[in-house]
1. Excluding Lys113 itself, what net charge comes from residues whose Cβ is under 12 Å from its Cβ, given Lys and Arg +1 and Asp and Glu -1?
2. For segment 129-134, in order, what is each residue's ³J(HN,Hα) by Karplus, 6.51 cos²θ - 1.76 cosθ + 1.60 with θ = phi - 60°, in whole Hz (x at glycine and Pro)?
3. Can you work out the Karplus-derived ³J(HN,Hα) for every residue in segment 138-148? Use 6.51 cos²θ - 1.76 cosθ + 1.60 with θ = phi - 60°, whole Hz, and x for glycine or proline.
4. Please list the three semi-axes, largest first and in whole Å, of the ellipsoid equivalent to segment 72-170, using sqrt of 5 times the eigenvalues of its alpha carbon gyration tensor.
5. First select every other residue whose beta carbon is under 12 angstrom from the beta carbon of Ala157; then total the charges, Lys and Arg +1, Asp and Glu -1.
6. Sort Ser65, Ser49 by accessible area with a 1.4 Å probe, largest first.
7. Give the Rg (one decimal place) followed by the Dmax (whole number) of segment 69-114, computed from C-alpha coordinates and expressed in Å.
8. Count the net charge of all other residues whose Cβ sits under 12 Å from the Cβ of Arg45, scoring Lys and Arg as +1 and Asp and Glu as -1.
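The values are calculated or read from the model by the stated rules, or taken from the named source; none is laboratory data. Computed from a predicted model, the values in this text were never measured in an experiment. Cβ sites come from the backbone with ideal geometry, for glycine too, and all protein chains shown count toward neighbours. We work out accessible area using only protein heavy atoms, side chains counted, and drop any ligands, DNA or RNA first. Shrake-Rupley method; radii C 1.70, N 1.55, O 1.52, S 1.80 Å.
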Amino acid sequence: MVEKLRAYRQQGFEIVICSARTYTRDYQDAVAIWDEAGTNILLGRKEHSKQWRLVGGFVDPTDASFAAAARREVSEETGLAITDPQFIASARIDDWRYRGEPDGIMSALFSAKVQFGSPKPNDDIAALKWFNITDLADAEVFEREIVPTHHEILTIALNHQLKRLRPEAG
């Protein structure tokens, strides 16, 4: 059992042992994919949703790193190859699958640009759409277009990108 727990920890999983019960926290990657100019972000929409979200998904135990997981998820969901993902931040995600549970999701946010390919929705993504960063700065548009569970992490991505585009504003 100890060796199995060590292997999980080496693969990036947080293990918490409490009252002889083992819990794991799932880790996800979310990727802010920017166009060449860095002013448009690619978001995905799931089949039964009207709102948009960052591309990403669960880190697999076989992924070499969070960045490798980010590249894999982007490729699976969009068909795109991206530049080296740059870590921006991490945040807890209030995922409906874990509400009321001791487990949860911690998401690592990365930023990257398209290296090559044309976006095509795949896996659990039904549609992809480029959004202009200034359009998403409008609170009404943001509330209407973005899935609530991604509000916090997408706000972090947008603020990070705005600081990169306008360093004097940061």
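1. Counting the neighbours of Lys113, the net charge comes to -2.
2. Whole-Hz 3J(HN,Hα) from phi for segment 129-134: 8, 7, 10, 6, 4, 6.
3. 6, 4, 5, 5, 4, 4, 6, 8, 9, 4, x
4. Working from the Cα gyration tensor, I get semi-axes of 22, 20, 15 Å.
5. Here the count lands on +2.
6. Putting Ser65, Ser49 in descending order of accessible area: Ser65, Ser49.
7. Just the Cα atoms of segment 69-114 yield Rg and Dmax of 13.1, 37 Å.
8. Once all neighbours under 12 Å are counted, the net charge is 0.
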